[in-house]
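K.L.:
Starting off with a structure, shown below.
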Amino acid sequence: MTTPVTPSDLPADPGPPSTEEVAAAADLVGRLARNVESVVLGKPLVVRLTMTALLAEGHVLLEDVPGVGKTTLARAMAASVQGQWRRIQFTPDLLPSDVTGVTIFNQATRGFEFHPGPVFANIVIADEINRASPKTQSALLEVMEERYVTVDGVRHAVPRPFLVVATQNPIEMDGTYRLPEAQLDRFLMKLAVGYPSEAVEIEVLRGAVTRSPEALDAVTDTQVVAQLVRLARRVHIADPLYGYAVRLANATRTHRQIRVGVSPRGVIALTRAACAYALIDGRGYVVPEDLKSLAEPVFSHRLLLSPDAQVRGVAPGDVVREVLDAVPVPSPVAV
């Protein structure tokens, strides 16, 4: 097992991160990524984006066909961080209380006690979230945003850091409930794992028995991850890049093929993710390429296409790429 970085190795003093802090953080996240990639083969970008969401305190929606490794990725993430993790298999009969928890009367103490649900964990794997009823979906999506669960008028905080990795199958529609667009906005990113290349798939077959998320050693713990989260918040963004992020969002709001563009919350999500992305890359400052790399996974699921664009088969990602080509990049950017 790799020796974990201790909290003292990553000080969290206020102000811009030092070169040493950034280097230590990048090294740790690199080891985390390699640990996950040992079972999720051939998907380094997907792993890096998931790590970005973890450090940005966002949540990830993995949408893809069955059997491409969505759940394996989520389980490998959970195994690499020594903390609490839970898996919720969403089904049509799942109740909100099955997710959040319930208050039960204790005969011995003659009082009510709260029994936490599986959402009280550092990493929550929500398998096939679109199979649950809208009411149950809302129970999870509410705690994703607020990081609190309210049961019988009492608020209960979930552990921090808190990451939800939800999966959904886009091809089976029977018995599923589509996530509303307003609730999709709660996810920092929407990712697709995609099919592996031929060489990678052969490697998967060779190691199908030996490569398992359960066999992974933890690289670090939640205390250190919490410090990485705080460090990512201190990454510097120059004012011209704030303006660039806003102009990208404005371009989606006025695009002829978009009915509803990116909200201010989406712009905040982009800048937060860019800070984490830069830290992972070993920088204490954001560059325009960070925003451009993250625009599609952060913006695409927040866009509502016009009816004409839907009929013509336009994808939200196509519009985001068109916007990136049209909006000029600020240069030079002072860091």
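K.L.:
Neighbour counts of other C-beta atoms within 10 Å: give me Lys70, Lys292 arranged from fewest to most. Intermediate results must be reported in sequence, preceding the final value.
P.N.:
Working: Lys70 28, Lys292 17.
Lowest to highest Cβ neighbour count: Lys292, Lys70.
K.L.:
What number comes out for the charge environment of Gly58, summing +1 per Lys or Arg and -1 per Asp or Glu over other residues with Cβ under 10 Å away? Show your work: numbers first, answer last.
P.N.:
Numbers: positive: Arg186, Arg272; negative: Glu57.
Neighbour charge sum, excluding Gly58 itself: +1.
K.L.:
Related question: What ranking, highest mean first, results for peptides 117-125, 35-43 when packing means the other Cβ atoms within 10 Å averaged over each residue? All intermediate terms of the calculation are to be shown ahead of the outcome.
P.N.:
On the way: 117-125: 23.0, 35-43: 20.9.
Ranked by mean Cβ neighbours within 10 Å, highest first: 117-125, 35-43.
K.L.:
May I ask what percent, to the nearest 5, of DSSP beta bridges between residues of the chain are antiparallel?
P.N.:
40 percent
K.L.:
Further question: State the Kirkwood hydrodynamic radius of region 129-204 in Å, one decimal place, computed from all pairs of distinct Cα atoms.
P.N.:
Working: mean 1/r = 0.0671 Å⁻¹.
For region 129-204, inverting the mean 1/r across all distinct Cα pairs yields 14.9 Å.
K.L.:
Using the Kirkwood radius over Cα pairs, work out the Stokes-Einstein diffusion coefficient for region 21-76 at 25 °C and 0.890 mPa s, in µm²/s as a whole number.
P.N.:
Working: Rh = 11.9 Å.
Translational D for this selection: 206 µm²/s.
K.L.:
Name the residue farthest towards the positive end of the dipole of region 41-213 from the options Phe187, Ala139, Leu73, assuming +1 on Cβ of Lys and Arg, -1 on Cβ of Asp and Glu, about the Cα centre.
P.N.:
Sorting the options by dipole projection puts first Leu73.
K.L.:
Give me a comma-separated list of calculated 3J(HN,Hα) values for region 72-86, in order, Karplus coefficients 6.51, -1.76, 1.60 applied at θ = phi - 60°, integers in Hz, x for any Gly or Pro.
P.N.:
So the J values, rounded to whole Hz, are 4, 4, 5, 5, 5, 4, 5, 5, 6, 10, 6, x, 7, 9, 9.
K.L.:
Collect residues whose amide H, placed 1.01 Å from N in the peptide plane, falls under 5 Å from the amide H of Ala132; neighbours closer than 5 in sequence don't count.
P.N.:
Excluding prolines and chain starts, which carry no amide H, the hits are Tyr177.
K.L.:
Report ³J(HN,Hα) in whole Hz for each residue of region 146-156, in order, from the Karplus equation J = 6.51 cos²θ - 1.76 cosθ + 1.60 where θ = phi - 60°; Gly and Pro get x.
P.N.:
With coefficients 6.51, -1.76 and 1.60, one gets 8, 6, 9, 10, 10, 10, 6, x, 10, 8, 10 Hz.
K.L.:
Taking Rh as the Kirkwood radius computed over C-alpha pairs, what is the Stokes-Einstein D of region 41-213 at 20 °C in a medium of viscosity 1.002 mPa s, expressed in µm² per second?
P.N.:
Values: Rh = 17.1 Å.
D, rounded to a whole number, is 125 µm²/s.
K.L.:
What ³J(HN,Hα) values, in whole Hz, does the Karplus curve 6.51 cos²θ - 1.76 cosθ + 1.60 give for region 33-46 when θ = phi - 60°, with x put for Gly and Pro?
P.N.:
3J(HN,Hα) across region 33-46, in whole Hz: 4, 5, 5, 5, 5, 5, 10, 9, 7, x, 10, x, 5, 4.
K.L.:
From zero up to wherever the largest Cα-Cα distance of the chain sits, split into 10 Å bins and tell me the percent of pairs in each.
P.N.:
6, 24, 32, 26, 10, 2, 0
The numbers here are math on the coordinates, done by the rules we state, and not lab data. Given the structure is predicted, the values throughout are model-derived calculations rather than measurements. With ideal geometry, Cβ positions are generated from the backbone for all residues, glycine too; neighbour counts draw on all protein chains shown.
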